[in-house]
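As structure tokens, the structure follows; a few thoughts come after it.
The values are calculated or read from the model by the stated rules, or taken from the named source; none is laboratory data. Here the structure is a predicted model, which means the values were calculated and not measured. Counting neighbours? That spans all protein chains shown, and the Cβs are built from the backbone with ideal geometry, glycine included. These area figures cover heavy atoms from the full protein model, side chains too; ligands, DNA and RNA do not enter into them. Shrake-Rupley method; radii C 1.70, N 1.55, O 1.52, S 1.80 Å.
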Amino acid sequence: MDSVVQHQVMRAAGIEAGYGRVQVLWGAGLDVKAKESVVLLGANGAGKTTLLKVIVGLLPAWKGSVQLDPDDVTTWRTDKRVRRGMAYMSEIGVFPGLSIDENLRVGGQFIERSALRIRMEELYAYFPDLAHRRGALAGSLSGGQRKMLGMAKALASSPRLLVMDEPSAGLSPLFVGQVIEVLGKFRESGLAMLIAEQNIAFLDLADRVFTLEGGRIRFEGSVAQLEADDSLHKAYFGLA
Ligand code: ATP
């Protein structure tokens, strides 16, 4: 990433949210700048999924705001946010009963047909294993391939910002390495990314890191700053 001042693609500020009467987020916020790759680190139950759901509009914010440059999208439905350039990959990610090709069409449903055709060919070039099996049902793929399809499906809409919930979930270290490698290519292409993870291997992709604990952001900074902080180092790198 160069040192030129980058404009913000997305900013979530002061988010309070939860389920029923249970409050999970207590004023959490983060931002992603153009071409920036941000990793949101947190343990199980810290509230990462909840924060991402508020950012993409799957869960309402009780308080706070979400900006998707140049709009305040806090009250927008998810599909409108997607049309304006946000894409979301949940932990589940794909429709098992649809083919690879059909999954990509669902992911790209809001873009114009001819643009989608071109986009799908671009994506098949990034994901050659999927290109060879376009008609295969997503449910017949291995866990690693399914994850690749989940990414491709989210990317089918040519987003400005890709929001991903634990891309490593359920994957062996070998596949985690492959996921990181392919995300690295999209990072190089200038795609802004927000990746929620508990696997520190994803820090390889991070221009900036936020840590979430108990529904609050505890740290924001570079990977080097995270590593330099003794208590955070212990918490996330597991070293005494
Ligand atoms: P994980 O890695 O386990 O997904 P996370 O950091 O993404 O963790 P969340 O899934 O956001 O955490 O969950 C935060 C808290 O909210 C947890 O205590 C969880 O039990 C609770 N929670 C999550 N979903 C619901 C729900 N649908 N109803 C009630 N409580 C929920």
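Before moving on, here are some points about what is shown:
- Measuring with a 1.4 angstrom probe and ignoring ligands and nucleic acids, Tyr236 comes out at about 40 Å² accessible.
- Value of [θ]222 nm, deg cm²/dmol, for the chain, DSSP H segments ≥ 4, -39500 (n - 2.57) each, nearest 500: -10000 deg cm²/dmol
- Computed from the Cβ-Cβ distance with R0 of 25 Å, the FRET efficiency linking Glu220 to Trp62 stands at 0.65.
- Span per principal axis, largest first, for the Cα atoms of segment 78-136 (Å): 32, 27, 18
- The chain: antiparallel DSSP beta bridges as a percent of all, rounded to 5: 55 percent
- Highest-MSF residue in the chain out of Val22, Val73, Val56 [GNM, Cα springs under 10 Å]: Val22
- Using a Gaussian network model of the chain in which every pair of alpha carbons under 10 angstrom is joined by a spring, one finds that among Pro159, Pro96, Pro167 the greatest mean-square fluctuation is at Pro96.
- Ordering Thr49, Gln6, Ala34 by Cα displacement along the dipole of segment 1-145 toward the positive end leaves Thr49 in first place; charges were set at the Cβ atoms of Lys, Arg (+1) and Asp, Glu (-1).
- Volume of the Cα convex hull of segment 168-240, divided per residue and given in Å³: 104 Å³
- Equivalent ellipsoid, segment 1-120 (semi-axes from 5 times Cα gyration tensor eigenvalues, Å): 26, 20, 14
- Nearest 10 degrees, 0 to 90: helix 173-188 Cα axis against the chain principal axis: 90 degrees
- Formal net charge of residues neighbouring Lys48 (Cβ-Cβ distance under 9 Å; K, R +1; D, E -1): -3
- Trypsin sites (Lys or Arg not before Pro) within segment 1-79, DSSP loop, no more than 10 other Cβ atoms inside 10 Å: Arg21
- Among Gly64, Gly135, Gly108: highest mean-square fluctuation, GNM of the chain, C-alpha pairs under 10 Å: Gly135
- Neighbours of Glu220 by Cβ distance under 11 Å: Lys/Arg scored +1, Asp/Glu scored -1, total +1.
- Translational diffusion coefficient of segment 105-181 (Stokes-Einstein, Kirkwood radius from Cα pairs, 25 °C, 0.890 mPa s): 188 µm²/s.
- Cα Rg, Dmax, segment 86-240, angstrom units: 16.7, 55
- Farthest positive-ward along segment 1-110 dipole, Cα basis, beta-carbon charges - from Val106, Met86, Ala61: Ala61
- The chain, accessible surface, carbon-and-sulfur percent (1.4 angstrom probe): 52 percent
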